[in-house]
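K.L.:
I have a structure here, written as structure tokens, and I will follow up with some questions on it.
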Amino acid sequence: MLSCLQKASRRRSFDYFKVICIVRLQHAQVQSKETAVKDFSEIPQPKSLPILGTFLDYTKFRGFNVANLSNLFKARFDELGPIYKETIIPGLSEPTVHCFSPQDNEKLFRLESRLANRDPIEFLKVVRERIGVPSGLVNIQGEEWYQLRRIVNEHFLTNSSVWSYSKDIHEVSEDFVDYISRSLDSNNEVPNFALALNKWALEGAGVFSLDTRFGMFTGEVEEHLQEIVDNSNLMFQLMAELTVAPPFWKYFETKQIRILIFVLDLLSRYYALKQCQAAQVAAIKKQRDILLKRIKEKDPEKLTKLEKLMTKEVDILVSDMLGGGVDTTSNAAAFMLYIMAVNPDKQEILREEIKTALQSGKVDGKSLQRMKYLHACALEAQRMFPLTPGTSRRLPVDVVLSGYNVPAGTRLLLLSNVAHHKNPEYFDQPESFLPERWLERKHKSKQEWSNFMSTRSGFAMIGSFGMGARACPGRKFAMQEVHYLLISLLSRYKVEYHHKPIKPHFRLVTVPSEEPQFTFIPL
Ligand code: HEM
């Protein structure tokens, strides 16, 4: 294990995901001994009423608010332990096993086949069918998913591909900081900064998905784009509500479904209008065609189904890239700015690193990767504010989790982020923002570093971007955007925050509980 970690660190790679994967792969070789395995029926369950199940826990009568869903998960974890099973409305919703244990994360990671199965977001699939667009990478399964994902990975996850956008993404962040300079009010704040962050994220998404600068901060903004910004927030809010609500929408068209149809229709028409211009999309399409040709030569029968599916799925990819990359990235930036604002000493250390990097000219993808403190700050910000509570999987085979037999086909929610991100068992001084814990040199020896990464934090959280083969393909793009934002902003401004403390709120992705309204002091 050590040698793999050493190699990764020698390459100065701070891709959290990569290091965690190495640790997980090494763990995969460790065989765990199961003792006295209990039956699936014995998995603890929350108190449930006849007919209504636990439905009332998700209503205003019990003080529930979708923004606090993570709190409900955490309360269940505190009461029931590392695994529980819940059926919200018996007969209507499916029993779901909630897993919090780092050891279970490890086991599940080991089981992830190349055809990792995460259930489709059913209501999204239904709505997309209604408006006649494909269901998207996020929703497809099996061999079709695998073939498309292979192509996507090559364009999304290789350094050369991500770095080729560095210059443009840096320019986006510089334009954004110019906008901040023009917009400061008498308190040195930017009115409605949350909206400005959404525009910044959309501008970045436009660069890597359409090769287009939308000009959100520099020109007249197209009406359609304004609608996209306005509606992408609403879309995530509705999707969060639909995720936790009992699936009444299966039986009649609820208000949320009606609004979602309107929003997605609007978004897909806009993407259809624009996507043909994008070089990245053209490259993906070209690669798809080569792959299909190769399959045709080998196995013409297999092709028919795959060809049909891949042809339309690539068309919706741009929509996934824009849709998936706006609300998520802007919230990641809001949390990152907040944590830097309330930790001025750490902000100063980071500013020094940025100054040094800028002294040697423009920061490109390669030199960005060498900015260790910046990466450590980003990892620590994600620990303190995990950008998602977790993810879900459909179990491919029978497996023992936390001492219980769980049969193949069971739906799992993996929620260790919620339970352990501030657990002192895994992280010293968990309430403190300590980027240094992610710096190798902080640990006295290589062994200590490897212990920290493996036994302590390795599986404690599944991280902000999910895990295994189905983890977020946009993670490198997203983090590159956030990093450049910090570089541009902190080299020109000191960032402060003078409002109510911000907490993480669940809304499919985690969002700040308060308006992220910062004070920018020119340097
Ligand atoms: C900070 C920003 C982001 C966060 C926190 C985030 C988080 C996630 C998570 C947790 C998953 C599920 C992973 C799993 O099940 O293991 C996911 C999947 C996905 N994300 Fe992201 N994401 C972000 C940005 C982006 C961006 C910028 C894009 C587009 C370029 C994107 C596109 C996708 C897609 C297409 C999937 C589905 C992948 C599949 O099913 O194969 N995401 N994301």
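The values are calculated or read from the model by the stated rules, or taken from the named source; none is laboratory data. In this text, all values refer to a predicted model and were calculated from it rather than measured experimentally. Neighbour counts are summed over all protein chains in view; Cβ atoms, including those assigned to glycine, are modelled from backbone coordinates with ideal geometry. Just so you know, the surface numbers come from the protein's heavy atoms only, side chains and all, with ligands and any DNA or RNA stripped out. Shrake-Rupley method; radii C 1.70, N 1.55, O 1.52, S 1.80 Å.
K.L.:
Efficiency by 1/(1 + (r/R0)^6): what FRET value for ASP168 and HIS499, r their Cβ-Cβ distance, R0 = 30 Å, to the nearest 0.05?
P.N.:
Values: r = 33 Å, r/R0 = 1.09.
According to the calculation, E is roughly 0.35.
K.L.:
Given 0.36 nm per residue, what is the gain on full extension from ASP345 to THR96 after removing their alpha carbon distance, in nm?
P.N.:
On the way: separation 249, 0.36 × 249 = 89.64 nm, distance 4.37 nm.
85.3 nm is the gain from fully extending ASP345 to THR96.
K.L.:
Let me ask another. Just to be sure I understand the model, the point goes 7 Å from the Cα along the line to the Cβ. What's the resulting ASP39 to GLN226 distance in nm?
P.N.:
Calculated label separation equals 6.3 nm.
K.L.:
If ligands, DNA and RNA are left out, what is the accessible area of GLU154 with a 1.4 Å probe, given in Å² to the nearest 10?
P.N.:
Using a 1.4 Å probe on the heavy atoms, I get roughly 100 Å².
K.L.:
Percent of Cα-Cα pairs per 5 Å bin, from 0 to the last occupied bin, for region 59-183, please list those.
P.N.:
Answer for region 59-183: a P(r) of 2, 7, 9, 11, 13, 14, 15, 13, 9, 6, 1, 0 percent.
K.L.:
To continue, here is another question. Using bins 5 angstrom wide from zero, how does P(r) for region 332-409 break down, in % of all Cα pairs?
P.N.:
The distribution over region 332-409 is 3, 12, 17, 14, 12, 9, 7, 8, 8, 6, 3, 1, given as percents.
K.L.:
So if we plug the beta-carbon distance of LYS362 and ILE521 into 1/(1 + (r/R0)^6) with R0 = 30 Å, what FRET efficiency do we get, rounded to 0.05? Show your work: numbers first, answer last.
P.N.:
Details: r = 25 Å, r/R0 = 0.83.
E(calc), rounded to 0.05, equals 0.75.
K.L.:
Could you sort 332-341, 355-364, 245-254 so that the peptide with the highest average Cβ count within 10 Å comes first and the rest follow in order? Please report the intermediate quantities before stating the final value.
P.N.:
Numbers: 332-341: 23.8, 355-364: 12.1, 245-254: 13.7.
Answer by packing, highest mean first, reads 332-341, 245-254, 355-364.
K.L.:
Between PHE252 and ASN423, how many nm apart are label points set 7 Å from Cα along the C-beta direction?
P.N.:
4.3 nm
K.L.:
Given R₀ = 22 Å, what would the calculated FRET efficiency be for VAL244 paired with LEU49, taking r from the Cβ atoms and rounding to 0.05?
P.N.:
On the way: r = 18 Å, r/R0 = 0.80.
So the FRET efficiency works out to roughly 0.80.
K.L.:
Something else now. VAL400's amide H: which non-local residues (gap 5+, or another chain) put their own amide H closer than 5 Å, with H modeled 1.01 Å from N in plane and none for Pro or chain starts?
P.N.:
VAL406
K.L.:
Now for a separate question. Can you sort PHE262, PHE61, PHE459 by 1.4 Å-probe accessible area, starting with the largest? If you can, show how the numbers build up before the last one.
P.N.:
Values: PHE262 125, PHE61 185, PHE459 10 Å².
Highest to lowest solvent-accessible surface, that is PHE61, PHE262, PHE459.
K.L.:
Mind pulling up the Rg/Rh value for region 328-479? Radius of gyration and Kirkwood radius, both on Cα.
P.N.:
Details: Rg = 17.6 Å, Rh = 17.3 Å.
Checking Rg against Rh, the ratio lands at 1.02.
K.L.:
Using a 1.4 Å probe, what is the accessible area per residue for region 384-523, in Å²?
P.N.:
36 Å²
K.L.:
Give the ranking of ASP57, ASP78, ASP230 by solvent-accessible surface, highest area first, calculated with a 1.4 Å probe. Write down the numbers at each step before the final one.
P.N.:
Working: ASP57 30, ASP78 100, ASP230 80 Å².
Result, largest first: ASP78, ASP230, ASP57.
K.L.:
Report the local net charge at PHE193: Lys and Arg +1, Asp and Glu -1, summed over other residues whose C-beta lies under 14 Å from its C-beta.
P.N.:
On the way: positive: ARG182, LYS199; negative: ASP185, GLU189, GLU496, GLU514, GLU515.
Local charge sum for PHE193: -3.
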